Amino acid sequence: MEAAESEARLERAPAAERRRIPLVEPLIFVLSIASALALWELVSRTGLIAERDLPAMSTTVEKLWSLAKTEDFWGAVGHTVRGWAVGLGLATALAVPIGIALGSSDFLASALRVPIEFLRPIPSAALIPLLFLTLGTNVKSEIFLATFGAFWPLLIQTMYGVRDVDPVAVDTARSFGVPRFERLYRITLPSAVPYIATGMRISSSVSLILAFTAELFMGLPGLGQKVGFTELNGLYEELYAYALAVGLLGLAIHLLSTAAERRALRWHPSQRLGTT
Amino acid sequence: MTPRAYRVAKVGAEVTVPLAILAGWQLWTAHAGSQYFPTLWTILKEFREMWLFSQFGEHVVPSLERIGLGFGIAVVVGIALGIPIGLSRWARLWTMPHIEFWRAVPPPALLPISIILLHSIENRQKVAFISFFCVFPVLLNTIDGVRGADPTLVDTARSFRIPRRERIWRLVLPAAAPQIAAGMRNSLSLAVITMVLAEWWSSTRGVGYVLLISKNTFQMAPMWAAIVLIGLLGYLLNVLFLLAERRLLAWHRGWRAAEGA
Amino acid sequence: MLEIRHLAKTYGSGDKVTHAIADVSFTVEDGEFVCVVGPSGCGKTTLLKCVAGLLRPTRGEILLRGKRVTEPPEELALVFQEYGRSLMPWTSVRNNVLLPLRHKKLSRLERSRLVEDSLASVDLTRFIDHYPWQLSGGMQQRVAIARALAYQPSILLMDEPFASVDAQTRGDLEDLVLQVRDEYGITILFVTHDIDESVYLADRVVVLTHAPTEVKEVVPVDIERPRDQIATKELAEFAHLRGHVARLVRREQVATPEGVEIPAP
C-alpha cells in the first residue's frame with residue numbers, strides 16, 4: 001500500500017554550475033502560453049479543424065468574457081465552488097479524526113483494513129446512478145459524491161502521517177510523563193500535518209471533479225450543468241467557453257492547494273532530506 | 001492484555017469486522033425492504049448471473065479493452081515524453097504550464113468536446129478520452145523520477161564515458177522506475193473511472209453503459225451488480241499491478257530497507 | 001603524466017561569486033601515488049571533478065599525457081565517496097562492474113574475464129551475483145574500486161573514498177589500494193581529509209589552502225614501501241611528516257574567510 005505521492009517530493013535540482021538570468025523563466029512561461037494560444041487561433045481560423053467544431057481562441061475568450069459579465073455565469077461558478085468547498089470540508093472533518101484514530105490504533109486499523117481496501121477503489125462517480133434514485137437529483141447528491149470521493153485519499157494520507165511520526169519523539173514525551181492526548185496534539189499532529197496537506201491537495205481536486213461530474217450527469221445547477229446544456233443545444237461556442245472556465249477554475253484550485261501544501265511541507269524534516 | 005491475546009484479537013477483528021458488515025447489510029436490507037437497496041444475497045445472485053458469464057463478453061470485454069488501450073497508450077506516451085522533459089530544463093520550463101493546466105481540468109468537462117473534435121462516438125473516441133487524461137500521472141511521475149536520478153550515479157556514468165543514450169536507458173530509467181510505477185498505478189485507477197464516464201456519455205456497450213441502463217429502467221439488482229463489478233475491477237487491477245510491481249521492483253524494497261538500517 | 005596548470009574555478013557571478021579554486025598547479029608522474037589534503041571546504045572535490053573532465057575549469061588547463069582534458073578521458077576512472085549512490089541498486093555486483101566495459105571494444109569473454117579478475121583483486125568473488133545493497137559499506141566501496149579497475153585506466157582518481165567507512169575497514173581498504181597500485185601499476189590521485197591516511201599512502205602529499213584555494217606546499221613522502229598499518233606508523237619519519245602536514249592544514253583551517261576577492265592576475 002504505497003502512497004508514493006511523487007508530487008509532494010521536493011525536487012532535487014541537478015548539480016548545475018551555471019546561474020541563469022532570472023528573467024528568462026517568466027519569459028519562457030509567457031512565450032509558451034502565448035504560442036499555444038496562437039496555435040489554437042491558427043488551427044481554428046485556417047480551418048485545419050472546422051471552426052464550428054473548434055471555435056477560435058479569440059471567439060472563445062470573447063464568449064467567456066461576455067458570459068463573465070452575466071450573473072447567471074457567476075451563479076453557476078458559485079454552485080460548483082460551493083459543491084467543491086462543502087465536499088472538501090466535510091471530507092476533512094470526517095477523514096482527519098478518523099485517520100488519526102486509525103493511525104494511532106493498530107488494532108482499529110487492522111479491524112477496518114478490509115472494508116477500507118474494498119471501499120477505497122470504488123470510483124465515486126460510479127455511484128451517481130444510485131444517488132439519482134436514492135438521494136435524488138439535488139445538491140445533496142452532489143455534496144455526498146464530492147465528500148465520499150474526497151474522503152478516501154485524505155483518510156489514507158492522515159493515517160500515514162500519524163504512523164510516520166518519529167517514534168523517538170513520542171517515546172521521549174512518554175518518558176517525561178506527557179499524557180496521551182497532549183502527545184497527540186503536540187507531537188503527532190504537527191508531524192502529520194505535511195501528509196494531511198498533501199492529502200488535502202489530492203482531495204481538493206477529487207472534490208472538484210466529482211462536484212462537476214454530478215452537475216453534468218444530473219443536471220444540477222453549476223458549471224457541469226452548463227456544459228451539458230450547451231452541448232445538447234449545439235451551442236459550441238458557449239460550450240468551449242464554459243470548458244475553459246472549468247479548466248481555469250480547476251487550475252486556480254490546484255495552485256491554491258499546492259501552495260498551501262508547500263507551506264505545510266517546508267519545515268518538515270523529510271523535505272530537508274536532500275541527499276544523504 | 002498479553003501480546004499473544006492482543007494479536008489473536010487483532011486477527012479476529014480483521015476477519016469478523018468485514019463479515020459483520022456484510023451480515024449487517026443483509027439483515028438491514030432484508031428488514032427495511034427498500035427497493036433501492038436489495039439484499040446482499042440478491043445482489044450476489046444477480047452478479048453471478050450477469051457477469052459470470054452471460055454478459056461478460058458483451059459488456060465486460062469492451063470495457064476492459066478500453067481500459068487496456070487507454071492505459072497502454074497513456075503509459076507509452078507518458079514515459080516517452082517524460083524522459084526528455086525531465087532531462088531538459090528548457091523543455092520543462094516550456095511544457096510545465098501546459099501540463100499543470102491540463103491535469104487540473106476535470107475530465108468530464110472534455111467529454112462533449114472529445115466527441116465534437118473526433119467526430120465519433122466509436123471506441124477511438126473513448127480510448128482517446130481515457131488515454132488523454134491517464135497520461136498525466138505517468139508523465140508527471142516520469143519527469144520527477146528522471147529529475148531525481150542521483151547526480152552521483154550520473155557523474156559516475158559520465159566519468160566512464162558512457163554515451164548519453166545508454167546513460168538514460170541503463171541508469172536514469174531504472175532509477176526512475178519506482179516513481180514511474182507509482183504514476184502508472186494512479187493512471188490505472190484513473191483509467192477505470194474515465195472509462196465509466198466515457199461510456200455513460202456515449203456508448204451502447206460496456207459496464208458503464210449497463211450501469212446507466214439499469215438505472216434508467218429502475219432495475220436495482222443489476223445496477224448494484226454493476227457497481228460491485230466496477231469496484232471489483234478497480235480493486236483487481238490495482239492488486240495485479242502491485243504484484244507485478246513487487247516482482248520487478250523487488251530490488252527497490254531491498255535497497256530502501258538496507259539504507260534505512 | 002598529469003599536469004594541472006593554474007586551475008581556477010569560480011561559481012556564480014556579480015555579487016554572489018564564489019571562488020572555489022583560485023590557482024592550483026601541480027603534476028603527477030607516471031605510476032605515482034599523490035594525495036591531496038586540505039581544510040574542509042577547500043574545493044578538493046571540485047578539483048577532482050575538473051581533473052576528471054566532469055566540470056569545466058574557469059581558467060587554467062589540465063593535461064593528461066599532454067592532451068587537454070575537456071571531457072572524461074578514456075584512461076581515467078573515478079571512485080566516489082558515496083559508494084551507495086554510485087552503484088546501481090537494481091542489478092548485481094557483476095553487472096555493476098560490467099557497466100563501463102560495455103563500450104570498450106572487447107569480446108564478451110574478455111569483458112567477463114576483466115570483471116572476474118577485478119573482483120578477485122578486491123576479494124569479492126563470492127558476492128559477484130549479489131545486489132550491492134546486500135553488502136556492507138566497505139564491500140560496496142570495493143565493488144566501486146573493482147569497477148574502476150576493470151575499466152583498465154592508467155590513472156585512478158579517488159574522492160575521499162574511505163570517509164564513509166568505519167575505521168577498521170578503512171585500514172583494509174587503504175592496503176587494498178596500495179596492493180592494487182602495485183599489481184596494476186596505475187597512477188593514483190587520492191583526495192582525503194584524513195592526514196594520517198594521506199601520508200600513509202602517498203609518494204607525495206599536496207596540501208591545499210582554504211578557499212580561494214591554492215597549493216600551499218607539496219610534501220614528498222620518502223618512507224619506504226611496502227607500507228604497513230602498524231610498522232610504518234611507528235616510524236619517526238612518519239610521525240614527523242604527518243605532523244608537518246597536520247600543522248600546515250591546521251593553519252589553514254583556523255582562518256577560513258568567505259567570499260574573498262582574489263587579486264587580479
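Tabulated values for the structure
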quantity	calculated
Residue, farthest from the other protein chains (Cβ to nearest Cβ), within the range A:228-241, restricted to residues that are part of a helix (DSSP H, G or I) and within 19 Å of B:His119 (Cβ to Cβ)	A:Glu237
Some residue of the range B:239-254 being without any contact (Cβ under 8 Å) to a residue 60 or more places away in the chain and either on the phi > 0 side of the Ramachandran plot or hydroxyl-bearing (Ser, Thr, Tyr) (or both)	no
For B:Pro38: the one exception among (1) modelled with pLDDT of 80 or more; (2) in a helix (DSSP H, G or I); (3) of a type outside the set (D, E, K, R)	(2)
Options B:Ile43, B:Ile79, B:Ile21; residue that is among the aliphatic types (A, V, I, L, M) and under 30 Å from B:Gly148 (Cα atoms)	B:Ile79
Tally of residues being part of a helix (DSSP H, G or I) and surrounded by fewer than 22 Cβ atoms within 10 Å (Cβ to Cβ) across the range C:85-98	4
Count of the range B:20-35 residues which are in a helix (DSSP H, G or I) and facing another protein chain (nearest Cβ under 9 Å)	1
Single unsatisfied condition, A:Leu189 versus (1) within 14 Å of chain B (Cβ to nearest Cβ); (2) surrounded by 15 or more Cβ atoms within 10 Å (Cβ to Cβ)	(1)
Residue within the range B:70-78 that is of a type in the set (Phe, Trp, Tyr) and surrounded by fewer than 18 Cβ atoms within 10 Å (Cβ to Cβ) present	no
Count - residues of the range C:6-26 that are of a type in the set (Phe, Trp, Tyr) and modelled with pLDDT of 85 or more	1
Residue under evaluation A:Thr134, criteria (1) facing another protein chain (nearest Cβ under 8 Å); (2) touching a helix residue (DSSP H, G or I) at 6+ places or on another chain (Cβ under 8 Å), criterion not met	(2)
Check on C:Arg113, within 14 Å of chain B (Cβ to nearest Cβ) and part of a helix (DSSP H, G or I)	no
Scope the range B:79-91; condition part of a helix (DSSP H, G or I) and surrounded by fewer than 18 Cβ atoms within 10 Å (Cβ to Cβ); matching residues	B:Ala80, B:Pro84, B:Arg89, B:Trp90, B:Ala91
Residue match in the range C:223-243 (condition: at pLDDT 85 or above, aromatic (Phe, Trp, Tyr) and either surrounded by fewer than 22 Cβ atoms within 10 Å (Cβ to Cβ) or out of contact with any Phe, Trp or Tyr (no Cβ under 8 Å at 6 or more places or on another chain) (or both))	yes
C:Leu106 being among the hydrophobic types (A, V, I, L, M, F, W, C), more than 7 Å from every other protein chain (Cβ to nearest Cβ) and in contact (Cβ under 8 Å) with a residue 40 or more places away in the chain	no
Members of the range A:44-67 that are free of Cβ contacts under 8 Å to residues at least 60 places away in the same chain, in contact with a helix residue (DSSP H, G or I) (Cβ under 9 Å, 6 or more places away or on another chain) and not basic (Lys, Arg)	A:Ser44, A:Leu48, A:Ile49, A:Ala50, A:Glu51, A:Ala56, A:Met57, A:Ser58, A:Glu62, A:Trp65, A:Ser66
In the range B:106-140, residue modelled with the highest pLDDT [restricted to those that are more than 8 Å from every other protein chain (Cβ to nearest Cβ) and part of a loop (DSSP other than H, G, I, E, B)]	B:Glu122
Residues satisfying the stated conditions in the range C:70-93, i.e. at pLDDT 90 or above, out of contact with any helix residue (DSSP H, G or I) (no Cβ under 6 Å at 6 or more places or on another chain) and either more than 22 Å from C:Met158 (Cβ to Cβ) or of a type in the set (Gly, Ala, Ser) (or both)	C:Thr91, C:Ser92
B:Ala198 being over 23 Å from A:Thr213 (Cβ atoms) and either out of contact with any helix residue (DSSP H, G or I) (no Cβ under 7 Å at 6 or more places or on another chain) or assigned by TED's automatic domain parsing to the domain that holds B:Phe47 (or both)	no
Filtered residues of the range B:186-207 (kept if part of a helix (DSSP H, G or I) and more than 8 Å from chain A (Cβ to nearest Cβ))	B:Asn186, B:Ser187, B:Leu188, B:Leu190, B:Ala191, B:Thr194, B:Met195, B:Ala198, B:Glu199, B:Trp201, B:Val207
Which numbered condition B:Ala181 fails, given (1) assigned to a helix (DSSP H, G or I); (2) free of Cβ contacts under 8 Å to residues at least 12 places away in the same chain; (3) within 30 Å of C:Tyr83 (Cβ to Cβ)	(2)
Every pair of residues 6+ apart whose Cβ atoms lie under 8 Å, when the first sits in the range C:56-73 and is buried (at least 16 other Cβ atoms within 10 Å of the Cβ) while the second is outside any strand (DSSP E or B) and among the polar types (S, T, N, Q)	C:Pro72/B:Ser159
Boolean, C:Leu119 is more than 9 Å from every other protein chain (Cβ to nearest Cβ), under 23 Å from the mean Cα position of the chain (by Cα) and under 22 Å from C:Leu178 (Cα atoms)	yes
Top-ranked residue of the range A:71-93 - restricted to ones that are surrounded by fewer than 16 Cβ atoms within 10 Å (Cβ to Cβ) and of a type in the set (A, V, I, L, M, F, W, C), ranked as farthest from B:Leu236 (Cα to Cα)	A:Trp74
Residue match in the range A:34-44 (condition: under 28 Å from A:Ala197 (Cβ atoms), buried (at least 17 other Cβ atoms within 10 Å of the Cβ) and among the polar types (S, T, N, Q))	no
Failed item in (1) within 11 Å of chain A (Cβ to nearest Cβ); (2) surrounded by 23 or more Cβ atoms within 10 Å (Cβ to Cβ), with B:Leu212 passing the rest	(2)
Residue that is loosely packed, with under 14 Cβ neighbours inside 10 Å and under 30 Å from B:Gln125 (Cβ atoms), where the choices are B:Glu100, B:Glu65, B:Glu58	B:Glu58
Test: B:Ile162 is within 19 Å of the chain's Cα centre (by Cα) and either within 20 Å of B:Leu249 (Cα to Cα) or more than 11 Å from chain A (Cβ to nearest Cβ) (or both)	no
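Here's the yes/no breakdown for (1) at positive phi; (2) within 10 Å of chain B (Cβ to nearest Cβ); (3) hydrophobic (A, V, I, L, M, F, W, C); (4) in contact (Cβ under 8 Å) with a residue 40 or more places away in the chain:
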| site | (1), (2), (3), (4) |
| --- | --- |
| A:Leu112 | no, yes, yes, no |
| A:Arg120 | no, yes, no, no |
| A:Asn138 | no, no, no, yes |
| A:Pro153 | no, no, no, yes |
| A:Arg183 | no, no, no, no |
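The values are calculated or read from the model by the stated rules, or taken from the named source; none is laboratory data. Quantities reported herein were computed from a predicted structural model and do not represent experimental measurements. Cβ: placed from backbone, ideal geometry, glycine included. Neighbour counts: every protein chain shown.
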